Structure formats: C-alpha cells, structure tokens
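What follows is calculated from the coordinates using simple rules that are stated; it is not laboratory data. Here the structure is a predicted model, which means the values were calculated and not measured. Because the Cβ atoms are built from the backbone with ideal geometry, glycine has one as well, and the counts that use them run over all protein chains shown.
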Amino acid sequence: MQEIDEIEVRPFSRREDYQLMLDYFYKADDSVLRGMGVDRLKLPQRDKWLDALLADHHKPEEERDRFYLVWMFRGERVGHSSVNSIVPGVEAYIHMHLWNSRLRRAGLGAEFVRQSTKFYFERFNLRKIICEPWAENLAPNRVLEKLGFTFVRRYRTVPGVIAYEQDVNRYELRRPN
C-alpha cells in the first residue's frame, strides 16, 4: 500500500500542533463529540487548556501528564495520539483521534495506531498499552482488534475529564518480544 509510505508519526514539537488538536475538539459538531464520548460542556476554556498543554510540554518527560504524537499524511497533520497514566517500564493508556474525516475508513487509522504503539513501547519501555474507547464507537474498537489488542472487559465509567459516563471496552496490547 503506497499510502503507508506517506505516513509519519512524530512527537508534538510546537504550539501549532496543540492548537490543531484543540481545533479538532472545539470545531467538532455535537454528534462527532458524542461519538467519541466527549461532553462539550466539559471542555475547558480553550486558552486555559492550551496554556496547560504547553506548560506540560515543557516539563521534563518523566513529569508530564501526557505525551502526544502528531499523525502526518502526505506532509499534513491529520490526527494525533497520546498516552497518559504513564508508568515507565510498565504501562500507559493510549488515546487516538483522526482529525480528518475524509481519511477515516481508508485503513490509515490502523497504521497510525500501529506506529504510535511501537513508538510508545520503545520511548517509555512499556510492557503493556491499554485503550478504553467508548463501547459504542465501533471504529476504534475495530482498529484495536485488528492490531492484536486483547479485549479484557466492558464496564461503565467516566473515562476522562471531558467525557460523560459511558460504557467502555478495555483492551490491552502486550509488548512484542
């Protein structure tokens, strides 16, 4: 697949990376946010969120709340992944978002996630990566299964500060030997 050659995954490196990520959330219509399990009313004030993201970005890596990767396709930023609850040498929780809706269902998302998990396993020497998408959001659930993540369980929770209460599916991927 030629398109895979046109994919790049790299760490966020500048303010614009964070601004584009915030655009994804703030410019999304309510149905898209609901589809991700996000409650628009829980989004922080944009400037405050950006300031917090940039402050976190400038901390030493071992003190950061999250680590972000930007997804590039044909030289354009089209999405991101992040990990949080990072325990170096042990585990982290991955999140994934393909900003460009025209690229969804084209098989690119799985490749972005594959490259992201490889990066996180190596960068943080992880043994396990965990992902807990909204159970009703079929796309990320299919991607995780396609990439060999193991379904662990389904349960009800509020998975993050911008999310509403929902059923999530917990998946885990062990580091390849």
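Some values worked out for this structure:
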| quantity | calculated |
| --- | --- |
| Additional length obtainable on full extension of the chain from Lys146 to Asp23, 0.36 nm per residue less Cα span | 41.4 nm |
| GluC sites (Glu not before Pro), loop per DSSP, at most 15 other Cβ atoms within 10 Å - longest free stretch of the chain | 1-135 |
| Which of Tyr24, Tyr120, Leu173, positive extreme of dipole for the chain (C-beta unit charges) | Leu173 |
| Label-point separation in nm, Tyr164 to Leu41, each point 7 Å along Cα→Cβ | 0.9 nm |
| Cα-projected label distance for Ala135 with Asn100, points at 7 Å along beta-carbon direction, nm | 3.4 nm |
| About the Cα centre, charge dipole magnitude for the range 1-89 (Lys/Arg +1, Asp/Glu -1 at Cβ), debye | 300 debye |
| Length gained when the stretch Asn125-Asp65 is fully extended (0.36 nm per residue, less Cα-Cα span) | 19.9 nm |
| Lysine pair number, Cα distance threshold 20 Å (strictly under), the range 2-174, separation 8 or more or different chains | 6 |
| FRET efficiency, 1/(1 + (r/R0)^6) with R0 30 Å, evaluated for Arg15 and Arg74 via beta carbons | 0.85 |
| Viscosity 1.306 mPa s, temperature 10 °C, Stokes-Einstein D of the chain from Kirkwood C-alpha radius, µm²/s | 95 µm²/s |
| Shape of the range 1-43, Cα gyration tensor, a/c cut at 1.5 | oblate |
| Cβ-based charge dipole, the chain, positive-most Cα from Pro11, Ile162, Gly148 | Gly148 |
| Alpha carbon centroid spacing (whole Å) that separates the range 149-174 from the range 1-72 | 19 Å |
